[in-house]
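Participant: Quick one: the structure is below, questions incoming.
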Amino acid sequence: ENQGHFCIFSLRFSQDSKEILGGANDGRIYVYNREAESQGLSISAHNYSDVNTVCFMDETTQILASGSDDGLVKVWDRRELKEDNPTPVGQLAGHREGIAYLDPRGDGRYIISNSKDQSIKLWDIRKFTPKNDIYKFTKEVRNQNWDYRWESVPTAINMQKDKGHAEGDTSVMTYKGHAVLQTLIRAHFSPMHSTGQRYIYTGCATGKIVIYDLLTGHIIQDLNGHTACVRDVSWHPYYPCIVSSSWDGSVARWDYNASEDDTEDEDFKREDDKDCPRLRNPPKRRCRM
């Protein structure tokens, strides 16, 4: 199917920057040792489905996670891994389409997955999905016959937006209201230092940045200003600002300021930046957070 072509879809540095974790189109995940300049690990993780996203679960680098077009999130313990017979310590199933991105909370327990089924899910890796339910969800993913890169979302997937957890879905919470189309859109936990990680934020195929409340699942704010798909967003770890990159060719900075006339209201304001010369006349949005 890949016709001999090799492509890395996701790369992550370890906390100490000594290793790089990668996921590829051959269904494998790789660990490269930067100091030794050699490949440290290569395992068949997802049966030749594209591995779209990988991550280290915490700073110890022993626990890895991978997400693929098979719709599964797999968790791996390097201390138990055998390259000739790799077995994950557990699997997380509940999405009805492929996984686009994973972001760990950094505590070794919680992780979020952004999916082509137009949802984000929050998982607790202490609660894995039973094998029978894994088969049910992977079968549903295999039956999908659309391409998110250039087709609209099928009616069957859209109909799931108003429904609750499906039977067997072991996720803690599901977040819906953004669009995952055209590219592998990223979603992240908000920073610990400035927000206590109380939000989840993501890009959107409609050109928005969408911010969810972690506990309620409600959309706190959507930031409009881009004219094309927003692939990635990054919330500064200490300062109240977000940077977004879009297919409209611009990189935007959104500053978060208290309103002068109402101390309960705060604004995320898109600002012109000397490093982003294409931005003009930034829009303002009200934001209650």
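The values are calculated or read from the model by the stated rules, or taken from the named source; none is laboratory data. Quick caveat, the model's predicted, so the values are computed rather than measured. Reconstructed Cβ throughout: ideal geometry from the backbone, glycine too, with neighbour counts over all protein chains shown. With ligands, DNA and RNA removed, areas are computed over all heavy atoms of the protein, side chains included. Shrake-Rupley method; radii C 1.70, N 1.55, O 1.52, S 1.80 Å.
Participant: Note down the nm distance, to one decimal, between modelled labels 7 Å out along Cα→Cβ at Leu11 and at Arg79.
Facilitator: 3.0 nm
Participant: Quickly rank 231-238, 109-116 as a protection proxy: mean count of other C-beta atoms within 10 Å, highest first. Working shown, then result.
Facilitator: Numbers: 231-238: 16.1, 109-116: 23.6.
Order by mean packing, descending: 109-116, 231-238.
Participant: For the chain, give the magnitude of the charge dipole about the Cα centre (Cβ charges: +1 Lys/Arg, -1 Asp/Glu; no others), in debye to the nearest 20.
Facilitator: Charge dipole of the chain: 420 debye, to the nearest 20.
Participant: I need the phi-derived Karplus couplings for the stretch 140-147: 6.51 cos²θ - 1.76 cosθ + 1.60, θ = phi - 60°, integer Hz, Gly and Pro marked x.
Facilitator: Rounded to whole hertz, the list is 5, 5, 4, 7, 6, 10, 10, 10.
Participant: Normalised by the residues of the chain, what does the relative contact order come to in percent, with Cα pairs under 8 Å and at least six apart? Can you show the working numbers first?
Facilitator: Numbers: 743 pairs, mean separation 27.1, N = 289.
Relative CO of the chain lands at 9 percent.
Participant: Would you mind telling me the share, in percent, of accessible area of the stretch 6-54 contributed by carbon and sulfur at probe 1.4 angstrom?
Facilitator: Roughly 44 percent, rounded to a whole number.
Participant: Now a separate question. May I ask you to derive the relative contact order of the stretch 156-202, considering only C-alpha pairs under 8 Å and at least 6 residues apart, and to give it as an integer percent? Can you show the working numbers first?
Facilitator: Numbers: 23 pairs, mean separation 11.7, N = 47.
Once divided by the residue count of the stretch 156-202, the mean separation gives 25 percent.
Participant: Another question about this same structure. Could you grab the relative contact order for the stretch 59-136? Cα pairs under 8 Å, six or more apart, rounded to a whole percent. Write down the numbers at each step before the final one.
Facilitator: Values: 144 pairs, mean separation 19.9, N = 78.
Once normalised by length, the contact order is 25 percent.
Participant: Given the options Tyr110, Thr195, Leu81, identify the residue whose Cα lies farthest towards the positive end of the charge dipole of the stretch 76-199 (+1 on Cβ of Lys, Arg; -1 on Cβ of Asp, Glu).
Facilitator: Checked the options; the winner is Thr195.
Participant: OK, next. Using only Cα atoms, what Kirkwood radius does the stretch 81-133 have, in angstroms?
Facilitator: Numbers: mean 1/r = 0.0811 Å⁻¹.
Evaluated over the stretch 81-133, this radius sits at 12.3 Å.
Participant: Rounded, prolate or oblate: which fits the stretch 199-242, taking a ≥ b ≥ c as square roots of the Cα gyration tensor eigenvalues, rounded meaning a/c under 1.5, else prolate when a/b beats b/c? Please list the in-between numbers first.
Facilitator: Working: a/c = 2.16, a/b = 1.22, b/c = 1.77.
Verdict is oblate for the stretch 199-242.
Participant: Turning to a different aspect of this structure: Can you pull the Kirkwood radius for the chain, inverse mean 1/r over Cα pairs, to one decimal in Å?
Facilitator: Numbers: mean 1/r = 0.0506 Å⁻¹.
After inverting the mean inverse Cα-Cα distance, the result is 19.8 Å.
Participant: Further question: How large is the accessible surface per residue of the chain, computed with a 1.4 Å probe and reported in Å² as a whole number? Could the numbers behind the result be given before it?
Facilitator: Details: 14640 Å² over 289 residues.
Computed with neighbouring chains in place, this is 51 Å² per residue.
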